[in-house]
Amino acid sequence: MSHDHDDRPQLTAVQAAAVLNPPAGRNGGDLVVESLQGLGATTVFGLPGQHALGMFDALRRSSLRYVGLRVENNAGFAADAYGRVTGEVAPLLLSTGPGALTSLAALQEAAAASAPVLAISSQIPSAGLGGGRHGYLHELRDQQASVRDIVKSVHTVRTASQIPSAIAAAWESALTAPHGPVWVEIPQDVLLAETTLPVVSAMDATPRELYPRPELTIAAAHLLSNAERPVIIAGGGVVRSDASGKLRALAEKIDAPVVTTFGGKGAFPWEHPLSLRSWLEDRHTTDFLEDADVLLVVGSGLGELSSNYHTFRPGGRVIQIEADAGKLESNHPALGIHSDAREALADLLEAVERREDPDAAERVRTVLEKVRVRIEAQDLTLEQQVLAAVREALPDAAPSFWDMTILAYWAWSAFDARRPNTMHSAQGAGGLGYGFPAAIGAAAADPTKPVLAVSGDGGAMYSIAELATARQYDLPLTWLIVDDGGYGILREYMTGAFGETTGTELARPDFVALAESFGVPAVRTGPESLAADLSKALAAPGPSVVVLPALLRMFEPTHL
């Protein structure tokens, strides 16, 4: 058997000499950072720990920019946001045991939101692996077992020569549709051991494209072309695959109204005549979706929030385009198309026949008017005023990151994201503390524009330490903290269910004074001055905090 080597890169004499005489003083940690550089990484997030010091020492000898947060979970949220806004892999460097475990809630959010996070964790020394109880610092019987249920793939390293291949395989896994978090772990002794291996050169870890099967495209196009009342639900997959332009072209070609899920905010223009916006937790919207004779679901699994808490019962045929095969038909029978949203929409756009529906825009207006009347009957002027102030202050291209807080729950339904991939929240896994550290990750990705984080006072306490990070790296982000004295949404849930609350009321600091103690400018504002104060903070360089004392309420649910 012969092999043709002519297409392989040929080394120059200088390159060959460098390969044969690698620089002294390198260790396994250098192979980690060289592999990341070879794959195109520019920024890494993390937190040092004793077993991981080999990786962190190697950062000093690399061109990688390190953004160090104060808590591993927050570092994970920052990496998640970096991955979401750039579409690139976000490396996250962690230590063994407590460091690794503290990142798990953030990795769960990355998995739910399909964010390409590459977690590289150290391990106890090789001699301690295998489940024996040797009593090493940070020792777990099986560290991988703690992450297997969360990440897309686990990659184990036991020798230095395995490091580049493991990281490249993990990188490819993270970027294969659907994107997601992946895990590499390397023992302490392998990271610290000197190596004479050549410096890692450029590596290729290009993910394979996920195309729709042509017979399914033809079947879907036939259904849509002949539908009487087609409707489209656009999920986060449309945003992640940069397919909003193709979505709009398809909707206009077949005159189909479009609802965006909370993860799909910005996938379709808010003010478009066919836009039903994002009022998924509303029975008028649910009824409209149920009345569709053909429902095209793109990049969504129609989970709890996207189905009005599983009260949605489609009355017509469902076509579901989804990159995660496990989500195909997981909630509703459908013509399931396993594909990246962009590729599937491109093929559908070519295959469908133009259909005109002069009544489509009027039917959309009717639904939106019913929603408006329902909300206005509930005396929620303050909530709408606050949300409008945030929209007024936030530049269209500026990304925003929303914690699990009442204002965010409003924003899911009622906030105009204006641009795709600018509004992000922790609604995938629903953990607290996402907003501010995620904003740090986005600001690190693009320091040329301001970033907004929105938290309640309860969620803010999860990530208050990261004020030090924002100040240390002088990042252009503004943190809006809505202070209602407790876990506001849980207060509402408990009052509604039990008539009284337990554990929801919180003592909290003077957030303005606390921010200023970190060297971060802060202001206390009110609903009337919020737009002006937020605008001023967002326009100023570096980090800032705006505190809004306000008791916000949720609109009435329609699923109960």
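Here region 65-172 is assigned +1 on the Cβ of each Lys and Arg and -1 on the Cβ of each Asp and Glu. Its dipole about the Cα centre then comes out at about 180 debye. Using the Cα gyration tensor of region 419-515, with a ≥ b ≥ c the square roots of its eigenvalues, what is the shape: rounded (a/c below 1.5), prolate (a/b larger than b/c) or oblate (neither)? Cα axes put region 419-515 in the oblate bin. Close amide H contacts of Tyr66 (hydrogens built in the peptide plane, cut-off under 5 Å, sequence separation of 5 or more or a different chain): Val44.
Label reach from Glu392 (point 7 Å along Cα→C-beta): in region 508-551, amide nitrogens under 13 Å belong to 526-536.
Our coupling estimate for region 457-468, obtained by passing each phi through the Karplus curve with A = 6.51, B = -1.76, C = 1.60 and θ = phi - 60°, is 5, x, x, 4, 5, 5, 10, 4, 4, 6, 4, 5 Hz, Gly and Pro reported as x. Sorted on the mean count of surrounding Cβ atoms within 10 Å across their residues, most packed first, peptides 80-90, 376-386 read 80-90, 376-386. Once a ≥ b ≥ c are taken as the square roots of the eigenvalues of the Cα gyration tensor of region 68-159, is the result rounded (a/c under 1.5), prolate (a/b larger than b/c) or oblate (a/b not larger than b/c)? Note, shape of region 68-159 comes out prolate. Computed extension gain for Asn226 through Ala169, at 0.36 nm per residue and net of the alpha carbon distance, reaches 16.1 nm.
Phi angles across region 44-57 convert, under the Karplus curve 6.51 cos²θ - 1.76 cosθ + 1.60 with θ = phi - 60°, into 3J(HN,Hα) values of 10, 10, x, 7, x, x, 3, 6, 9, 4, x, 5, 6, 5 Hz, Gly and Pro given as x. For the chain, the longest principal axis of the Cα atoms and the long axis of helix 435-445 meet at an angle of about 60 degrees. Compactness of region 244-387 is given as radius of gyration and Dmax, 15.4, 47 Å, from Cα positions. Taking Rh as the Kirkwood radius computed over C-alpha pairs, what is the Stokes-Einstein D of region 365-431 at 20 °C in a medium of viscosity 1.002 mPa s, expressed in µm² per second? Here the translational diffusion coefficient equals 163 µm²/s. Taking the DSSP bridge list for the chain and keeping only pairs wholly inside it, about 5 percent are antiparallel. Normalised by 2.2 N^0.38 Å, where N counts its residues, the alpha-carbon radius of gyration of the chain equals 1.02. When peptides 544-551, 154-161, 138-145 are sorted by average Cβ neighbour count within 10 Å, with the highest value leading, the order is 544-551, 154-161, 138-145. Sorting the segments 489-499, 243-253 by their mean number of nearby beta carbons within 10 angstrom, highest to lowest, gives 243-253, 489-499. With Rh defined as the Kirkwood radius, the inverse of the mean 1/r over Cα pairs, the Rg/Rh of region 183-263 is 1.30. Think of the chain as having a plus end and a minus end, set by charges on the Cβ of Lys, Arg, Asp and Glu; of Ser122, Ala388, Ala346, Ser122 sits farthest toward the positive end of this dipole.
Taking amide hydrogens as placed 1.01 Å from N in the peptide plane, the amide H of Trp479 sits under 5 Å from those of Ala453, Ser544, Val545, Val546, each at least 5 positions away in sequence or on another chain. Taking trypsin sites (Lys or Arg not before Pro) across region 285-375, the ones in a DSSP loop with at most 16 further Cβ atoms lying within 10 angstrom of their Cβ are Arg354, Arg355.
If the chain linking Leu137 and Thr495 were pulled fully straight, counting 0.36 nm for each residue of separation and taking away their Cα-Cα distance, it would gain 124.4 nm.
Stretched out straight at 0.36 nm per residue, the stretch from Trp270 to Ala351 would grow longer than its current Cα-Cα span by 26.5 nm. Pull out a ≥ b ≥ c, the square roots of the eigenvalues of the alpha-carbon gyration tensor of region 7-91, then state rounded if a/c is under 1.5, prolate if not and a/b is larger than b/c, and oblate in the remaining case. The shape class here is oblate.
Per the Cα gyration tensor, region 351-493 maps to an equivalent ellipsoid with semi-axes of 31, 21, 13 Å, ordered largest to smallest.
Using Cβ point charges alone (K and R +1, D and E -1), the dipole size of the chain about the Cα centre works out to roughly 700 debye.
Across all Cα atoms of region 41-92, the radius of gyration (one decimal) and Dmax (whole number) stand at 10.9, 31 Å.
Computed 3J(HN,Hα) for region 359-365, one whole-Hz value per residue from the Karplus formula 6.51 cos²θ - 1.76 cosθ + 1.60 where θ = phi - 60°, is 9, 4, 5, 5, 5, 5, 4, glycine and proline marked x. Compared with the dominant principal axis of the Cα atoms in the chain, helix 530-539 is inclined by about 30°. The angle separating the long axis of helix 341-351 from the principal Cα axis of greatest extent in the chain is about 50 degrees.
Across the options Leu36, Ala79, Leu59, the greatest Cα extent toward the positive end of the charge dipole of region 26-116 (unit charges at beta carbon of Lys, Arg, Asp, Glu) belongs to Leu59.
Carbon-plus-sulfur fraction of the accessible area of region 66-178, 1.4 Å probe, in percent? Exposed carbon and sulfur together represent 49 percent of the surface. By the equivalent-ellipsoid construction on the alpha carbon gyration tensor, region 408-457 comes out with semi-axes of 18, 15, 9 Å, ordered largest to smallest. Here region 161-189 is scanned for amide nitrogen atoms under 18 Å from the site 7 Å beyond the Cα of Asp149 along Cα-to-Cβ, giving 181-183. Considering all different alpha carbon pairs of region 62-220, the Kirkwood hydrodynamic radius works out to 16.7 Å.
The values are calculated or read from the model by the stated rules, or taken from the named source; none is laboratory data. Every value quoted in this text rests on a predicted model; they were computed, and no experiment measured them. Because the Cβ atoms are built from the backbone with ideal geometry, glycine has one as well, and the counts that use them run over all protein chains shown. Quick note on the areas: whole protein, heavy atoms, side chains included, nothing else; ligands and nucleic acids left out. Shrake-Rupley method; radii C 1.70, N 1.55, O 1.52, S 1.80 Å.
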